[in-house]
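Here is the structure we will look at.
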Amino acid sequence: MGLFDKLKNEFIDIIDWTDNTNDTIIYKFPRYQNEIKMNAKLTVRESQVAVFMNEGKIADVFQPGMYTLTTQNMPILSTLKGWKYGFDSPFKADVFFVSTKLFRDQKWGSKNPIMMRDAEFGPIRLRAFGTYAFRVNDAGKFLKEVAGTASEFTTEEVNEYLRSLAVSRGMESLAESKIPVLDLASNTAEVSNLITEKIKPEFNEIGLDLTKFLIENVSLPPEVEEMLDKRSSMGIIGNMGAFTQFQAANALQDAANNPSGGMMGVGMGAGLGMGMMGQMGNAFQNNQFNGATGQNTPPPPPLVQYFVAVNGAQTGPFNMQQLQAMAVSGQFNKQSIVWKQGMAGWLAAETQVELAGLFNAVPPPPPIG
């Protein structure tokens, strides 16, 4: 190395930083062992701030522009260095460029469900995630409170802290808003504004300005969402009695269209359908209020059910509506063997008084033409 190269490398006369990244907040100018030449040119571009530090202490801060470094535009550094009457020799100082651009699309989200109380559902667990944006509004404070003397500092190194802050304070604001869980989707803008105002001061404490905080999704645990889906389905069904009749009619039509099932399938389908409608009707009637007497209606009498032996196998139990449908279809007659609770053994259907009426209602076979 020649003498000229040696002298050239000893002094720095151009100080600038061109940011080619999207996530660098702080960049330390690589001075190494070189000294900054008095009257060196400093270029601070838009969305940058240059901070001069002396032995760990923040000295002068330069806003965007081009500067010729002299003792006149470095008053704090001149004082720290003891340059009382001007100074023209090279000097040493750490130069940090701080990006003041807007860092957008920073992700936040709750790693674990947050427990909160809802007026409709009671205690409930929520997850939420979204994005936020920030910029440095006090370079000196941010260097002092967060970055220190790191040669480079990126958004990833501060985002973990900011995400934790956003989640903890954000969920507090969500709980304080008293907005029902089912209404959160239509009020995300309002909640976002509440959270922004809640955590802005804490961002300012470290020299940052929170410019935007967005909630993209608030979700419930899968099992709760499943129950909500069922509840919504019940609301869509509306009249349960009418829905049950509709289902029974569909079952009868399906059985009639299936010749392989035979009349037994038709009878069983009709009987089961009528039985289900009867039980559902009784259940709804029990919950109705009798306006004439001002009292609840009394419960219906116990439902009579019989088991029927078919080819040596036990089937049922069947209620009276089901047995009537089976009698009409020819699958149940006076000789059918039946049993119910309280009987000592299996007997023919014709021996049971309460079954006699079923066979009287069955029409005789049509005449042979």
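The values are calculated or read from the model by the stated rules, or taken from the named source; none is laboratory data. Note that the coordinates shown come from a computational prediction; the quantities given were computed from them, not determined experimentally. Positions of Cβ are generated from backbone atoms using ideal geometry, with glycine treated the same way; all protein chains shown enter the neighbour counts.
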Scanning region 151-166 for residues that are of a type outside the set (Phe, Trp, Tyr) and loosely packed, with under 15 Cβ neighbours inside 10 Å, the one modelled with the lowest pLDDT turns out to be Ser151
For region 105-191, list the strands (runs of 3 or more DSSP E) that sit wholly inside it and hold at least 3 residues that are small (Gly, Ala, Ser) and in contact (Cβ under 8 Å) with a residue 12 or more places away in the chain; which are they?
122-136
Could you please give the count of residues in region 78-112 that are within 15 Å of the chain's Cα centre (by Cα), surrounded by 15 or more Cβ atoms within 10 Å (Cβ to Cβ) and not small (Gly, Ala, Ser)?
1
When the residues of region 344-369 are filtered to those that are closer than 14 Å to Met320 by Cβ and exposed (fewer than 14 other Cβ atoms within 10 Å of the Cβ), which remaining residue is modelled with the highest pLDDT?
Glu354
Got a sec? Which of Glu172, Glu226, Glu216, Glu160 is acidic (Asp, Glu) and closer than 27 Å to Val98 by Cβ?
Glu160
Looking across region 38-77 at residues that are small (Gly, Ala, Ser) and crowded, with 20+ Cβ neighbours inside 10 Å, the single one that is farthest from Phe153 (Cα to Cα) is Ala59
Taking region 42-58 and keeping residues more than 13 Å from Val95 (Cα to Cα) and either part of a strand (DSSP E or B) or charged (D, E, K, R) (or both) leaves Arg45, Glu46
